[in-house]
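The values are calculated or read from the model by the stated rules, or taken from the named source; none is laboratory data. Just so it is clear, the structure is predicted and the values come from calculations on it, not from any experiment. Cβ placement follows ideal geometry from the backbone for every residue including glycine, while neighbour counts extend to all protein chains displayed.
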Amino acid sequence: MTKLTSFSRRSFLAGTAAATGALAMPPIATAASKKVRIGFISPLSGPRASFGTSDQWMVDSIRKQLEGGLNSGGSTH
C-alpha cells in the first residue's frame, strides 16, 4: 500500500503557477526576431490634436534617418 501525500492549497497554487509559466515560455522565447518595430502614439483628436499636426514631418524625418538601417548590438536591422 502506498502512502498518500497531502497537498496544501499553497503547494497546489505554486505548482499551478509554475506549470502555467512553463507553458507560456515557448511563445515568449520564440517571439524574438530580427525585425524591429518603431512606433509612436500621437493625439489626432480632442483637445491635444494640435500636437499631432507635425506627425507627418516627424515620420518623414525618422524614415530619412533610418534609410540605411538601424545598428544595434553589432547588427543592422
With the checklist (1) more than 30 Å from Gly73 (Cβ to Cβ); (2) modelled with pLDDT of 80 or more in hand, flag the one item Thr5 doesn't pass. (2)
Please go through the range 18-67 and pick out each residue that is charged (D, E, K, R) and at pLDDT 85 or above. Arg48, Asp55, Asp60, Arg63, Lys64, Glu67
Of all residues in the range 51-77 being touching a strand residue (DSSP E or B) at 6+ places or on another chain (Cβ under 9 Å) and of a type in the set (Gly, Ala, Ser), which is surrounded by the most Cβ atoms within 10 Å (Cβ to Cβ)? Gly69
